[in-house]
């Protein structure tokens, strides 16, 4: 009976296995960056002068970003690294809309020698959801 079920539902079973692996992949591979929640990010900003790098596109950044964030879109990170190199030894908080692009950026920054990289877990969505302020506009520090 179990083999009959497997044979009749092989595509469904395959889909479940692939979906499960896709969900686990970020946990297994992940970067060395530490995920921080909005409260911890605020402490890093206030106590350790952490720099905030927002890797969303300019339009997303203009719609709302963390106060004092610097916009360096993920696609342009390698080209614009000279703008943020001076922060290699300082805490850096990387954020995007939900945390996915920021995770990729954290990996790139670590490869480039940034020592204290943090990913804002849940991104701007989590920041806003926690009731923290955002700024609108394109001013880039």
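The values are calculated or read from the model by the stated rules, or taken from the named source; none is laboratory data. Note that this is a predicted model, so its numbers are computed, not measured. We place every Cβ from the backbone using ideal geometry, glycine too, and count neighbours over all the protein chains shown.
Quick one: which of 91, 73, 67, 38 is touching a strand residue (DSSP E or B) at 6+ places or on another chain (Cβ under 8 Å), modelled with pLDDT of 95 or more and under 16 Å from residue 123 (Cβ atoms)?
Within the list 91, 73, 67, 38, the selection yields 38.
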Within the stretch 1-35, can you find the residues that are in contact with a helix residue (DSSP H, G or I) (Cβ under 9 Å, 6 or more places away or on another chain), in a helix (DSSP H, G or I) and at pLDDT 80 or above?
13
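I'm trying to understand the selection: among the residues of the stretch 78-103, which are more than 13 Å from the chain's Cα centre (by Cα) and either in a loop (DSSP other than H, G, I, E, B) or under 17 Å from residue 44 (Cα atoms) (or both)?
Once the filter is applied, which keeps residues that are more than 13 Å from the chain's Cα centre (by Cα) and either in a loop (DSSP other than H, G, I, E, B) or under 17 Å from residue 44 (Cα atoms) (or both), the stretch 78-103 yields 78, 79, 80, 84, 87, 88, 89, 90, 91.
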Taking residue 61, is it more than 12 Å from the chain's Cα centre (by Cα), surrounded by 15 or more Cβ atoms within 10 Å (Cβ to Cβ) and either assigned to a loop (DSSP other than H, G, I, E, B) or not assigned by TED's automatic domain parsing to the domain that holds residue 37 (or both)?
no
Subset of the stretch 104-134 [more than 12 Å from the chain's Cα centre (by Cα) and in a strand (DSSP E or B)]
116
